[in-house]
Amino acid sequence: MMFEFLNYSFMERAIVAGTLVAIITGIVGPFLVFRKMSFMGAGLSHGALAGIALGIILGLSPTLMSVLIVMGLGFLIGLVSRTGKISEDSAIGTVYTFFMALGIFLINLSKGYHINIMGYLFGDILAISKYDILFALIVLIVVLVWLILRGRAMLYLTFDEDFAKITGVPIGWDYYIFMVITSLSIITVVKLVGVVLAGSILIVPSASAKMLSKSFMKIIAISVISGIISIFSGIAFSYYLNTSSGPSIVFFVTAFFLCVLLWQFGSNTTSRKVKIKSPSSRP
């Protein structure tokens with residue numbers, strides 16, 4: 001009974017998977033946004049293609065190989081950034097394109113080139129299996145445990161790394177643990193929206209939430225809620241139009257972002273008008 005959802009229809013599995021993905025990305029995304037590591041989502045998701053291709057060639061689970069490759073890529077990016085004294089974005093730009101090219105090269109060489117490569121690139125709700133849901137559930141549990149045990153330390157590391165060092169926070173360990181958490185989060189998103197668009201689901205809802213609140217916990221809550229609404233809308237849209245789920249979900253995620261942006265612009269314009277004082281009349 002506990003795992004009854006594993007026997008759901010493909011549409012029900014897509015909804016369950018979408019909910020789990022929205023919660024995971026809603027928790028992890030704000031840390032990436034505030035650490036100015038938004039490019040990390042795109043970098044790791046593109047690197048997942050190498051894991052998918054390697055799994056196809058070796059006859060192993062593409063998801064399992066993607067986990068190993070993306071986690072290794074996350075460690076590599078962290079190592080290059082920390083030891084090379086360069087920003088994470090520069091480290092990502094240095095290594096992720098190689099893994100993307102490697103994935104395409106391996107797919108072209110493999111006998112399984114006839115597979116639904118578009119599904120891997122842009123997502124396919126029909127391809128979501130009960131094992132994908134189980135994996136997403138495990139990742140969600142890991143993320144929640146990490147947030148409970150290391151959330152406060154991660155906040156120190158995110159907003160004031162020097163203060164974190166002074167207070168004795170093991171920033172080295174926390175940094176690499178966060179890279180692992182981010183890598184696992186990316187893998188859960190890839191199946192739903194594909195390799196190309198996964199970074200958008202991880203970052204855009206958090207960027208929208210950041211404009212709506214200054215409280216970090218409220219930002220997480222808004223990110224989760226907006227992610228769930230966008231993913232549900234995108235899944236329904238793609239189902240009825242028989243299109244890839246990834247682009248449809250990204251349309252709604254981006255639409256929410258634009259609505260928030262326009263609302264904020266309108267609020268700022270109104271605020272500026274209120275502050276303008278008419279010149280005092282002189283005798």
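No value in this document is a laboratory result; all are computed from the given coordinates. It should be emphasised that the depicted structure is a prediction, and the values quoted were computed from it without experimental measurement. So basically every Cβ, Gly included, is an ideal-geometry build from the backbone, and we count neighbours across all protein chains shown.
Summary table below
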quantity	calculated
Kirkwood hydrodynamic radius of segment 4-273, from inverse mean 1/r over distinct Cα pairs, in Å	18.9 Å
Helix-only CD estimate at 222 nm, as mean residue ellipticity for the chain, using -39500 (n - 2.57) per DSSP H run (n ≥ 4)	-27500 deg cm²/dmol
FRET efficiency, residue 118 to residue 144 (Cβ-Cβ, R0 45 Å, nearest 0.05)	0.85
Label-point gap, in nm, between residue 251 and residue 134 - each point 7 angstrom along Cα→Cβ	3.4 nm
Within-12-Å neighbourhood charge of residue 203 [Cβ basis; K, R +1; D, E -1]	+3
Net dipole in debye of the chain [+1 Lys, Arg Cβ; -1 Asp, Glu Cβ; about Cα centre; nearest 20]	1140 debye
Loop-located trypsin sites (Lys or Arg not before Pro) in segment 8-116 whose Cβ has at most 10 other Cβ within 10 Å (DSSP)	85
Kirkwood hydrodynamic radius (C-alpha pairs) into Stokes-Einstein, segment 139-180, 25 °C and 0.890 mPa s, D in µm²/s	237 µm²/s
Segment residue 240-residue 221, extension gain: residue separation times 0.36 nm, minus the distance between their alpha carbons	3.9 nm
